[in-house]
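Reading through the structure tokens given below for one structure.
The values are calculated or read from the model by the stated rules, or taken from the named source; none is laboratory data. The model shown is predicted, which means the values in this text are computed figures rather than measured ones. For neighbour counting, all protein chains shown are included, and Cβ atoms are generated from backbone atoms with ideal geometry for every residue, glycine included.
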Amino acid sequence: MPEGVRVFYQEELERLEASALGGLDMVSTALVRTMEAVESQDVELAQVVVADDDRIDGRYLEVHQSLITLLATQSPVATDLRLISALLHVLKSIERMGDQCVNVCKVIPLTGNHAPADPEMVDLILRMGNHTKALIAQAKRAFEQRDVEMARDLVRRDDAVDELNRECFRLALEIGEDADRREWAMTMLLGARAIERIGDNAVDIGEQVAFVVTGLFREFEDASHPS
Amino acid sequence: MLTEQAPKISVRPEFRSSPSPETKEKVFEMKGIDVLYSGVAAVKDISMDVGRNDVTALIGPSGCGKSTLLRCLNRMNDLIPTAEVRGELLYRGEDLYGPGVDPVQVRKLIGMVFQKPNPFPKSIYDNVAFGPRILGRKQGLDETVEKALRGAALWDEVKDRLEDNAFGLSGGQQQRLCIARCIAVEPDVILMDEPCSALDPISTGKIEDLMIELKDEFSIVIVTHNMQQAARVSDRTAFLMVELDAEDHNRWGRLVEYDATEKIFTNPADKRTEDYVSGKVG
């Protein structure tokens, strides 16, 4: 419970932060279901993930509107202003992460219930999913604890996701001559790419952690000028 | 420069201000300023510079010495018999409190606009012409009055009723009239002590727009309780805070942080500034 003056405002800001970061739990749930749907080629479960994305979008709209109201009515400055700015970015990342889960789930029906799945590639995608789930949890923890080091560490962990994505690509190239298998592999590559983007969104959230703490916005890694 | 015989300071060339006092020309340099009333400190050890053509805001809770400090800048505290100023206060490199400095000349160069509009019970014209007349100006008064009223963004509203009593103007118009009266004597610096606290938002907006226009020609120091006003109009912001002695008997103001306004309101260096501008302490 905040102490001092402007208690309502401080409570509202804390509530909105918790609500925004709660969106990461919703994304994590969507990702777990997405991986399950990929593993078992479960078209129904994939459709549940697509339908449930409305909840993530709803959270985005609700918290976004409340943050705009706080900006309009409370004139936040300094750390509060940085926090609100960061939360607006985080919300956008969460909304995108939810959409990426939807992107994966939408390609699952395309491969059919009895897809010529390559177990090695499925395993790679599931590992990407597990890594990405851990990234989402770490991004949330880093934000809650305002831990810049933990936020920076997201880059290292995201590199592992990127590497698995590249392995997926290599496997797809070597999948063989069978047209159905090649089509399946190409479709799953789209899914792998979507999961890889979720990892990037987690790193984006980490960058917002650094902004809230330091007041300086810097990309941890510049995609156009990689180190 | 500050004595009667000194030549009038010429109007500054076009110069857009930027928040970098270390490199830009200074109008005021304060070094270890203490102000005491009856031997009791009201502000202690204030050291800061005020840049030319900047709007510099002084913010802080009630009793932190903002107005006291502002009044030092044109020797208004001289009018209080028990007031004493210690330390070094340079105006354009000259000691403002040095021997031979004429306080009247100081107040001509460094004008002040107060919290409550205080027009004289005279016509609009006579209010603006008052200062130039005192200074012995007889020629070109009409032009001076028009120029000052235009400078205060009031001309279009009063040009057809210059002989009307100033008390017939609205509060916002009266305050702009006081600004016109201030700039009619072509000062170098304008000090403003909560100039919008008695005004509605529209009049406040007009005065704020005016400040931004006036800083092309003048340097402005403003005391305000309105955080957003400081954020909107100033280039640099100084945050003062009240300090108490161990027995809680005496309290005085001290400068906590002085930086570019953007920095103060987005990423202040001191936790006390952060708490104050965020409204978390009074």
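For the range A:41-78, a residue qualifies if it is aliphatic (A, V, I, L, M), away from every other protein chain (no Cβ under 14 Å), within 20 Å of A:A18 (Cα to Cα) and surrounded by 15 or more Cβ atoms within 10 Å (Cβ to Cβ), and the qualifying residues are A:I56, A:V63, A:L67. The helices (runs of 4 or more DSSP H) falling completely within the range B:118-226 that include 3 or more residues that are under 30 Å from B:V277 (Cβ atoms) and either at pLDDT 95 or above or within 20 Å of the chain's Cα centre (by Cα) (or both) map to B:171-183, B:201-214. Tell me whether the range A:15-27 contains one or more residues that are on the phi < 0 side of the Ramachandran plot, among the charged types (D, E, K, R) and without any contact (Cβ under 8 Å) to a residue 60 or more places away in the chain. Yes: one or more hits.
Applying the condition of being of a type in the set (A, V, I, L, M, F, W, C) and within 14 Å of chain A (Cβ to nearest Cβ) to the range B:185-241 and asking which residue is nearest to B:P268 (Cα to Cα) yields B:F239.
Checking the range B:92-108 against the condition returns no match, with no residue being crowded, with 17+ Cβ neighbours inside 10 Å and assigned to a strand (DSSP E or B). Any idea how many residues of the range B:105-117 are more than 19 Å from B:K147 (Cα to Cα) and either in contact with an Asp or Glu (Cβ under 8 Å, 6 or more places away or on another chain) or modelled with pLDDT of 95 or more (or both)? Residues meeting the conditions: 3. Tell me, please, whether a residue that is free of Cβ contacts under 8 Å to residues at least 40 places away in the same chain, under 23 Å from the mean Cα position of the chain (by Cα), assigned to a helix (DSSP H, G or I) and within 30 Å of B:I264 (Cβ to Cβ) can be found in the range A:35-56. Among the residues of the range A:35-56, not one is free of Cβ contacts under 8 Å to residues at least 40 places away in the same chain, under 23 Å from the mean Cα position of the chain (by Cα), assigned to a helix (DSSP H, G or I) and within 30 Å of B:I264 (Cβ to Cβ), which makes the answer no.
Being more than 14 Å from every other protein chain (Cβ to nearest Cβ) and without any contact (Cβ under 8 Å) to a residue 12 or more places away in the chain is a property that does not hold for A:D153.
Select from the range B:265-282 the residues that are part of a loop (DSSP other than H, G, I, E, B), on the phi < 0 side of the Ramachandran plot and not β-branched (V, I, T) and list them in ascending order. Listed by number, the residues that qualify are B:N267, B:P268, B:A269, B:D270, B:S278, B:K280, B:G282.
One residue is enough: does the range A:69-90 have a residue meeting the conditions over 20 Å from A:F217 (Cβ atoms), among the aliphatic types (A, V, I, L, M) and either outside any helix (DSSP H, G or I) or in contact (Cβ under 8 Å) with a residue 12 or more places away in the chain (or both)? So far as the range A:69-90 goes, yes, one or more of its residues are over 20 Å from A:F217 (Cβ atoms), among the aliphatic types (A, V, I, L, M) and either outside any helix (DSSP H, G or I) or in contact (Cβ under 8 Å) with a residue 12 or more places away in the chain (or both).
Listed by first and then second residue, the pairs with beta-carbon distance under 9 Å, at least 6 apart or on different chains, first residue in the range B:47-64 and within 14 Å of B:D259 (Cα to Cα), second part of a loop (DSSP other than H, G, I, E, B) and acidic (D, E), are B:D49/B:E22; B:G51/B:E25; B:G51/B:D235; B:D54/B:D235; B:V55/B:D235; B:T56/B:D235; B:A57/B:D235.
Evaluated against (1) within 14 Å of chain A (Cβ to nearest Cβ); (2) surrounded by fewer than 17 Cβ atoms within 10 Å (Cβ to Cβ); (3) assigned to a strand (DSSP E or B), B:E262 falls short on exactly one condition, (3).
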